[in-house]
């Protein structure tokens with residue numbers, strides 16, 4: 001069952017997720033770099049550079065097993081994915097900016113993931129050149145399982161726009177079902193280690209998510225982005241595509257214990273995002289009241 005999960009169900013699920021994301025993208029989403037250069041730069045730098053640094057801090061400071069520490073680094077190496085776009089929409093952020101950041105970061109992380117993961121393997125598990133991920137073939141596998149479906153989905157959107165729009169919700173539902181099966185499968189397979197790991201993995205993922213979102217929001221405000229863009233940047237930096245993380249752990253690293261961190265994170269990220277957005281909404285409401293108060 002675990003072999004079928006990692007070799008068939010998981011790659012298929014990730015491909016469906018990325019295909020669905022591709023069917024929601026247009027060339028204009030990439031052109032927004034020109035429209036929002038500052039916002040896009042802050043979001044990409046935050047996700048590609050800041051987030052791995054924050055992840056390394058938590059992986060080093062928490063009492064994590066070597067496998068869980070690697071799992072945390074695998075998680076922060078991944079792009080945001082369609083989940084971040086949904087959360088931005090619910091938070092009334094800048095959805096167009098969110099889609100642009102997701103699209104660009106998904107392209108970049110195909111290149112950066114093997115380097116971050118190998119660093120974690122060397123640092124926490126004492127990997128050697130023989131046991132580390134081969135850079136070239138890993139890049140090709142990630143390209144095939146993530147960017148190829150995105151390109152295919154964009155092609156469908158370009159030539160069959162009406163069909164792509166009609167299929168957006170069904171594709172999301174199918175992908176969600178697949179992903180739930182994956183998470184449940186990982187948690188059942190590692191149930192003995194799971195409960196012991198929750199005491200450290202749970203707080204680590206919670207604080208990682210909250211810290212990265214807060215830093216993203218603060219950076220956006222320092223560079224004078226508006227409230228919608230700031231909310232979007234914070235979510236894009238803080239919310240990761242845990243399906244890609246689980247794929248890397250189980251299919252490329254062949255280590256289901258490493259997959260515990262992105263699996264647990266997938267259960268917690270909605271709670272974390274909801275808490276963060278609740279706090280931010282209170283701050284904005286308080287600011288609005290002060291601005292409306294008579295002098």
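The values are calculated or read from the model by the stated rules, or taken from the named source; none is laboratory data. Just so it is clear, the structure is predicted and the values come from calculations on it, not from any experiment. Here the Cβ positions follow ideal geometry from the backbone for every residue, glycine too, while neighbour counts run over all protein chains shown.
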If you take the residues of segment 149-185 that are in contact with a helix residue (DSSP H, G or I) (Cβ under 6 Å, 6 or more places away or on another chain) and modelled with pLDDT under 75, which of them is nearest to residue 16 (Cα to Cα)? 175
If a residue has to be touching a residue at least 12 places away in the same chain (Cβ under 8 Å) and farther than 27 Å from residue 228 by Cβ to count, how many in segment 30-67 make the cut? 9
Out of the residues in segment 3-19 that are at pLDDT below 60 and in contact with a helix residue (DSSP H, G or I) (Cβ under 6 Å, 6 or more places away or on another chain), state the one that is farthest from residue 177 (Cα to Cα). 6
Is it true that residue 40 is at pLDDT 90 or above and either farther than 23 Å from residue 243 by Cα or more than 16 Å from the chain's Cα centre (by Cα) (or both)? yes
